[in-house]
1. Here are the criteria: (1) assigned to a loop (DSSP other than H, G, I, E, B); (2) free of Cβ contacts under 8 Å to residues at least 24 places away in the same chain; (3) surrounded by 12 or more Cβ atoms within 10 Å (Cβ to Cβ); (4) not aliphatic (A, V, I, L, M). Tell me which single one residue 10 does not satisfy.
2. Going residue by residue through the stretch 31-51, is there one that turns out to be closer than 30 Å to residue 135 by Cα and not charged (D, E, K, R)?
3. The conditions are (1) modelled with pLDDT of 95 or more; (2) farther than 30 Å from residue 1 by Cα, and residue 148 fails exactly one of them. Which is it?
4. Could you check how many residues of the stretch 29-61 are within 16 Å of the ligand (Cβ to nearest atom) and touching a Ser or Thr at 6+ places or on another chain (Cβ under 7 Å)?
5. Select from the stretch 3-23 the residues that are of a type in the set (Ser, Thr, Tyr) and closer than 19 Å to residue 115 by Cβ and list them in ascending order.
6. Could you give every pair whose Cβ atoms fall below 6 Å, whose first residue belongs to the stretch 217-235 and is within 14 Å of residue 201 (Cβ to Cβ), and whose second residue is of a type in the set (Phe, Trp, Tyr) and more than 14 Å from the ligand (Cβ to nearest atom), counting only separations of at least 6 or pairs across chains?
7. So is residue 233 part of a loop (DSSP other than H, G, I, E, B), within 30 Å of residue 35 (Cβ to Cβ), at pLDDT 95 or above and within 16 Å of the ligand (Cβ to nearest atom) or not?
8. Could you please find all residues in the stretch 62-102 being assigned to a loop (DSSP other than H, G, I, E, B), of a type in the set (Gly, Ala, Ser) and either outside the structural domain of residue 225 (by TED's automatic domain parsing) or within 12 Å of the ligand (Cβ to nearest atom) (or both)?
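The values are calculated or read from the model by the stated rules, or taken from the named source; none is laboratory data. Since the structure is predicted, the reported quantities are computational estimates derived from the model, not experimental observations. Here Cβ is always computed from backbone atoms with ideal geometry, including for glycine, and neighbour counts include all displayed protein chains.
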Amino acid sequence: MNKPSVKQWQEPAPDTDFDAFVTVVESRRSVRKFEPEPIPDEIVERCLDLALLAPTSSNLQSWEFYRVVDPDKKQRLAEACLSQPAATTAAELIVAVARTDTWREHSRKMVEVFDQSEWEWPKTMRAYYEMMTRIAYGLGPARLGGAVKAVVEPVVSLFRAAPTLPKDECDLKIWAVKTTALACENLMLAFRAAGYDSCPMEGFDERRIRKLLKLPKDAVVVMVVGAGKRAPGGVYGPRIRFERDRFIHTV
Ligand SMILES: Cc1cc2nc3c(=O)[nH]c(=O)nc-3n(C[C@H](O)[C@H](O)[C@H](O)COP(=O)(O)O)c2cc1C
């Protein structure tokens, strides 16, 4: 039986509450001191689900989140976060990890999703995940693919717009970290929307965290998010942002 084309898919934009969003964004502060009260399990899991709805490059979902609940591991993680109060007082500690090598498996999974879908997906989509992601994110044997991209890309760019693709491990890390950081923001806004608070932390000993969580070689610890109920004095001062026109350019 023929499947309907996914081009017929309709998803009208639902009404949203802009004021509620403004309240969430404006009231999110980095909180360094939390009350001992726990966050209900279902809220933490729901916030993590919402983190996974962040946009992700090529939909390759190059992220992982480790919710550390084991008391001994949690204590060691807080120590690895340099014993910052945002970590030692947090009801929840979540380690956001970017993965630079899961794109292969995830490309295969995308093809499986197309195969199992009740919709007919365009052949170009399948080709993208069967072939193009290898060109885009693969570095090739002895990094030769990356070297070829480094030569070909600027030449093509002289004649037509050419995508700037990862050419070495560092580029791949940037690629995976971008996506993971977006999910972290979703996570922190979700906690705020649920009445809780958070603090992103990059003040940590990555070696210790890698060891504690037995992270694979291609993992990059992006940040540790501490979360909980805001304690009095948990925000260290009024928010500081520089003048808007330093950052926002209309050209
Ligand atoms: C990637 C990243 C790493 C951060 N690391 C830490 C940290 O280790 N410890 C900490 O107390 N705050 C940390 N922060 C929080 C910033 O200090 C905070 O976002 C900034 O001062 C602005 O304050 P606000 O978040 O309340 O607007 C980090 C923020 C980001 C985005």
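1. (3)
2. yes
3. Condition not satisfied by residue 148: (1).
4. Matching residues across the stretch 29-61 total 3.
5. Selection gives 5 alone.
6. So the pair list comes out as 227/196.
7. Numbers: part of a loop (DSSP other than H, G, I, E, B): yes; within 30 Å of residue 35 (Cβ to Cβ): yes; at pLDDT 95 or above: yes; within 16 Å of the ligand (Cβ to nearest atom): yes.
Yes: the conditions hold for residue 233.
8. To start, the set of residues in the stretch 62-102 that are assigned to a loop (DSSP other than H, G, I, E, B) comprises 62, 69-70, 81-84, 89-91, 100-102.
Next, only the ones that are of a type in the set (Gly, Ala, Ser) stay: 62, 83, 90-91.
Scanning the stretch 62-102 gives 83, 90.
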